[in-house]
Structure formats: C-alpha cells, structure tokens
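The values are calculated or read from the model by the stated rules, or taken from the named source; none is laboratory data. Remember, predicted model here, so these are calculated numbers, not experimental data. Don't worry about glycine lacking a Cβ; one is built from the backbone with ideal geometry, like all the others, and counts go over all protein chains shown.
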C-alpha cells in the first residue's frame, strides 16, 4: 500500500473562507474537491502539499442553474450530478458536455470527481504517472525536479498531455469560468484558462479558486463529443473531439471544434471551424475541415496507444463528430 504523506487538512465552510485560507497558506497548499486526481498524485509523491483545503462543505460551489440565459454550473458539482441532469442529457445544445462527463472513468469516480477538478486535471505522462521509486530509478523528469523531458530529451518544455474530457466539450460550447480570490473575482473564457505547457498548464493564479462555469443559451446550436480510449471505461482519453455548430437553415452560421489529449492543453481548431461557416455541413467541406483540425494534433508516445496512431485517427474522429452533427441537424 502506498501511503499519503503528512498534511494539514482545512475545511472551510464558505468560498470567502476558502479563498482566505488559500491566500494565507501560500503555494504549499492545494485545493481538494473530489480528490480523485490529487490524492493518487500525492501517494506517488508527484505533488506534496503541506496543506489541503477541502471544498466539499462550500455550498456555493454546487450551484446549478439552467434557463433562458444559459447554464451556471458550480465547480463543486460532482460529475454524476451532471450525468443525471435531464437538460444536459436531452438538450442537443449541451450534448457534448453530457457525453464528456458521462464517459469519465467509472460511476464510482463520477460520484466523487467534480467539474472543476476535471477542468483543472493535472497533465499526464507515462514517465510522470509512476511511483516515486520508479521515477527516481530513471532520474526525475522536468515536471518533478528533473532537467529532461523523457519523452523528447531535447524538448525545452514538458510535453505531458491534458486529459480532461469536460475541457474540450466546454471549449466547443464557448464556456467561461469564474475565478475567485481574496483580491476579487474575474471571469475569463475557458480557453484562456489553459496554456500548452505540461508544467504550467493553467493560467489560474495560485491564490484563485475556480468557482463556476458559465455557458450561454446557444439558440440554434447542437454539439457532440467523441472519446478514444483503449477500454470502454476507466481509461483517460488518448483523444477527445468536441464539435458544435449553429445552423441557419442548411448553412453553418457558426462552428467550434476542440481537441483534447493531443497536447498539454485542449486546443480550439479555429481555422477548421471557419472553413465550415457559410456552407452546408456535408461533402468535401466537412472532409477538409477534418483535415485542417487534425493538423493541430501532434501527440507523442507518452500515454496509452502510440502517438503515430493517435495522429492518424484524429482526422477520422473529427470527421465522425461533424457527421454526427449533420445527422442530428
């Protein structure tokens, strides 16, 4: 049995109290929501905070509203709560989000894991997600005290990949996130929360708490999410594709395509989405959009299934997603 290192446990009762604790504890503290990622990482000594600030008792993080002005989803909502949400499941506008969260791991993990936790999921790599002893035997990688990226030893930055399912889905929906700290709060596009660096993969400041996710009403839109993994459950994505379109009759008025698990951040395929606008969602137009979007995928051999294979199937999965939207429309 791999044991957790020692840490202090804090249990704030409000968002303000949690923000004050986080500011007071400094960089040695980490936030704890469901713990499905943080606690295993701590057992492997990938992360060794001296203090955990638990968010389970912060009711403000579990707000859930849906109406004519869109969705407001608290970051503390469990994934299983979202899976059970009838609006998400049956409303084709938000189908990508429901499909994404319903495919995360297993129902047991979904009962504990939260939306905010999945959005802030640590990047993963074959050389990083190992025991302390294993990593020490080969010398630590740059993501944890080492000097090299073992995937590509000449790389100047860490290439660990983003493995969030909800992130590409919410990117395709044009979501925004609210970040709270003792200095105040700010709302930013979800895309601005990420950067393509395996170590500094979030732009969220150390003193900020991701409090909620906001999605506009999206009239006329419909969306979908496809996930590639070896098994039908448990596994992290080795490729995620989210697509959303707004149709004006038979013509695409707006579109978004997002890719997950092919880089250290979820990526928006802006050029491919623009290629669809002003045209029917069929034929060579869809084929070319899939090709353009797949050019963003540069997976490396640091997770399940090889990078070459994942690169090859990216175009096919994008094509399937766009075809599914055409059928749904």
Please verify whether residue 8 is surrounded by fewer than 16 Cβ atoms within 10 Å (Cβ to Cβ) and either modelled with pLDDT under 95 or under 25 Å from residue 132 (Cα atoms) (or both), treating the condition exactly as stated. yes
Which of the helices (runs of 4 or more DSSP H) contained wholly in the range 37-96 include at least 1 residues that are closer than 30 Å to residue 136 by Cβ? 38-43
Can you confirm whether the range 50-63 contains a residue that is buried (at least 16 other Cβ atoms within 10 Å of the Cβ), without any contact (Cβ under 8 Å) to a residue 24 or more places away in the chain and closer than 25 Å to residue 217 by Cβ? yes
Among the candidates 310, 285, single out the residue that is out of contact with any helix residue (DSSP H, G or I) (no Cβ under 6 Å at 6 or more places or on another chain) and closer than 26 Å to residue 124 by Cβ. 310
Working carefully through the options 70, 74, find the one that is within 22 Å of residue 244 (Cβ to Cβ) and in the same structural domain as residue 218 (by TED's automatic domain parsing). 70
Top-ranked residue of the range 294-310 - restricted to ones that are part of a helix (DSSP H, G or I) and without any contact (Cβ under 8 Å) to a residue 40 or more places away in the chain, ranked as surrounded by the fewest Cβ atoms within 10 Å (Cβ to Cβ): 308
Members of the range 12-36 found to be in a helix (DSSP H, G or I), touching a residue at least 60 places away in the same chain (Cβ under 8 Å) and surrounded by 14 or more Cβ atoms within 10 Å (Cβ to Cβ), listed by number: 15, 18, 19, 20, 22, 23
Going by the conditions given, is residue 198 touching a helix residue (DSSP H, G or I) at 6+ places or on another chain (Cβ under 9 Å) and either at negative phi or in a strand (DSSP E or B) (or both)? yes
Does at least one position in the range 84-94 carry a residue that is touching a helix residue (DSSP H, G or I) at 6+ places or on another chain (Cβ under 7 Å) and either in contact (Cβ under 8 Å) with a residue 40 or more places away in the chain or not assigned by TED's automatic domain parsing to the domain that holds residue 228 (or both)? yes
Could you please let me know if residue 148 is over 22 Å from residue 51 (Cα atoms), touching a strand residue (DSSP E or B) at 6+ places or on another chain (Cβ under 7 Å) and buried (at least 24 other Cβ atoms within 10 Å of the Cβ)? no
Hey, could you check the range 171-194 for residues that are in contact (Cβ under 8 Å) with a residue 60 or more places away in the chain and in a helix (DSSP H, G or I) and say which is surrounded by the fewest Cβ atoms within 10 Å (Cβ to Cβ)? 191
Which of the residues belonging to the range 256-293 are surrounded by fewer than 23 Cβ atoms within 10 Å (Cβ to Cβ), touching a strand residue (DSSP E or B) at 6+ places or on another chain (Cβ under 8 Å) and farther than 23 Å from residue 238 by Cα? 274, 277, 278, 279, 280, 281
Whether any residue in the range 254-276 is out of contact with any helix residue (DSSP H, G or I) (no Cβ under 9 Å at 6 or more places or on another chain) and assigned to a loop (DSSP other than H, G, I, E, B) is what I want to check. yes
